Amino acid sequence: ALLLSDLNTKLNKNYGVVTPVVVCGTKNVSLLGLQTIDGLALANGDRVLLVGQTSKATNGVWIARAGNWERPSDFNSSLNVTQGLLVPVIAGVTNKSGLYSLTTRGTIQVGSTLLDFENTQKRHIQRVATSAALTMSLSLS
């Protein structure tokens, strides 16, 4: 029988997508205790993507806990955390339905490599807006 964790590992390895997170934090947060991020009060066990940590080595996916937060099994080693990894976001006031991509290059050591993420949905919207503005500008010329 294929376990959910096995399926997540296969999806991550083959397609570069982790299990969705509940919310994405874009500012530095403590990795201790349940708190409110992007307008959502976290529950024990919620998956959270952090992209704005002061120490970028602590960016990435976490499991919120009443005590110390922990890394999930699909975001804990260089085998499953690679450039281009996609992280879907389910909820939140600002980042709901977002899709973040890990842009860090090279071999990643979770916990020590500085991790950078890009909101790919926002980038796509900016490209469409720029393209539309350019088209309008050319039409008016």
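Things worth noting here:
- A cut-off under 14 angstrom between Cβ atoms defines the neighbours of residue 55, and their net charge, with Lys, Arg +1 and Asp, Glu -1, is +1.
- Amide H partners (placed H, <5 Å) of residue 37, local residues excluded: 42
- Where a label projected 7 Å from the Cα of residue 107 along Cα→Cβ would reach, residues of segment 64-80 with amide N under 13 Å: 78-79
Values quoted throughout were computed directly from the atomic coordinates according to the rules given, and no laboratory measurement underlies them. Note that the structure is predicted; figures quoted are calculated from it, not measured. Don't worry about glycine lacking a Cβ; one is built from the backbone with ideal geometry, like all the others, and counts go over all protein chains shown.
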